[in-house]
1. Determine the relative contact order of region 83-429: mean sequence separation of Cα pairs under 8 Å and six or more apart, normalised by residue count, in whole percent.
2. Restricted to Cα positions, what overall size does region 121-206 have along the principal axes? Three whole-Å values, descending.
3. Put one equal scatterer on each alpha carbon of region 188-339, apply the Debye formula with no solvent term, and list log10 I(q)/I(0) at q = 0.18, 0.21 1/Å to two decimals.
4. Computing the accessible area with a 1.4 Å probe over protein heavy atoms, can you report the carbon and sulfur percentage for region 83-429?
5. Give me the aspartates and glutamates in straight-line cross-link reach of K338: C-alpha distance below 12 Å, same-chain residues under 8 apart excluded.
6. At 1.4 Å probe size, with no ligands or nucleic acids counted, give the accessible surface of H100 in Å², nearest ten.
7. Before rounding to the nearest 500, sum -39500 (n - 2.57) across all DSSP H runs of length at least 4 in the chain and divide by the residue total; then give [θ] at 222 nm in deg cm²/dmol.
8. In what sequence, highest mean first, do 89-97, 267-275, 9-17 appear when ranked by Cβ atoms within 10 angstrom?
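The values are calculated or read from the model by the stated rules, or taken from the named source; none is laboratory data. Source: prediction; values computed, not measured. Quick reminder, even Gly has a Cβ in these numbers, built from the backbone with ideal geometry, and neighbours come from all protein chains shown. Just so you know, the surface numbers come from the protein's heavy atoms only, side chains and all, with ligands and any DNA or RNA stripped out. Shrake-Rupley method; radii C 1.70, N 1.55, O 1.52, S 1.80 Å.
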Amino acid sequence: MKLYNLKNQSEQVSFVQAVKQGLGQQQGLFFPLNIPKLNDEQLAKWLQCDFITRSSYILSAYIGDEIPLEQVTECVKQAFNFPLVVRPIEENIASLELYHGPTLAFKDFGGRFMAQILAQIASNQPITILTATSGDTGAAVAHAFYRLKNVQVIILYPKNKITPLQEKLFCTLGENIHTIAIKGDFDDCQRLVKQAFDDEELKRLLCLTSANSINISRLLAQICYYFEAVAQLAVENRQQLVISVPSGNFGNLTAGLFAKAMGLPVKRFIAATNVNDTVPRYLSEGKWLPNQTIATLSNAMDVSQPNNWPRIETLFQRQKWELDELSHGVVDDRMTEKTVQQLASKGYISEPHSAVAYRILRDQLQDDEYGLFLSTAHPAKFKQSVDRIIAKTLPLPAALAKRANLPIFSHQLPADFALLRKFLFMHAT
Ligand SMILES: *Cc1c(COP(=O)(O)O)cnc(C)c1O
């Protein structure tokens, strides 16, 4: 597989190199030189395969002969060892539940696949994973890499801006997992990570790799569940399919668009955000004007400078799609709460991120369409808000109950690169 740097076309790397490096020169994102395209016959055949088999085909179609299919299959088997569920909510709307993995959010798909690939790379060289999280990536990455030999993991998160349970899930592990609460917001954390990747000495000495959704291995892994969702739908519901994606850094939506570019029948996607609405405003007004990030109930989407956006623009250009084909919508906290309540009254317990996606889908779905909204986290992961909103006490799933009373090992730093740099040398070498 060949990928090129979106900021410098002449920088081309292999899949393994892109996974290892995360970002290219000038913090450019890697983008596949070729996107595999399925014909109708192939697509029909793939949709009949089981999840693991089909996912191996999808990933192999990108990776090519760099990693043999059997090895890719083995990684997929280890990574995707939990179910995903399409749950009908209304006559023409279903929830795609992506949160049945070990850390109860869809980030498990990308995080676990990436860990499998990196474990192979790290077998002959120690590496350091540096990543920023708005809450759920941290958990997925920490659990996927916990106790892996030759791997040190450093996770930055915005202090006091993730939920206490999110924090418990990944800041209580210790050993090769180092967590830092940064005094700032997620965009600050993301900026620090980017600065680290611009630091050639640091990068070389620590063998730095990022596990953010900018990492191509995570993105490719996420393509797989869009195919599985369609495979689980009745054939008559596949024709006019609309998928609503609750978006922050826009990795999830990018993966969905790659699936469509490969030939998966999706009529249109909806980019659903909270009031951190840089992309919806850009789509309706044509101007890229990030505001200060605002803290909301759907905190994993509190991102005002979404990293993956250049990939989406490139994909639209290459596919000759028009950006105005991308539907969009914004939901504030008050409406999010109302929507969680509405869904609860239908007997469906959701959490703020998924509710944002449902709200916009419900409002925009046409009579002849079938809608899927991505449920990206387990409601118990946002228990504090959800309990309050629906005036109930949700039970704690075992994965969370186990960690709820453990001490937190996090370090604390201001959003200052010089201090982070020092920390990295102390803890990762
Ligand atoms: C990360 C996350 C999102 C946003 O996904 P992106 O790929 O960053 O757009 C949405 N919901 C939850 C629960 C998340 O953890």
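1. About 23 percent, as a whole number.
2. The Cα atoms of region 121-206 stretch 37, 27, 15 Å along the principal axes, largest first.
3. The Debye formula, applied to the Cα set alone, gives -1.17, -1.39.
4. About 49 percent, which is the carbon plus sulfur part of the accessible surface.
5. Straight-distance partners of K338: E351.
6. Rounded to the nearest 10, the figure is 60 Å².
7. -13000 deg cm²/dmol
8. By packing density, highest mean first, the sequence is 267-275, 89-97, 9-17.
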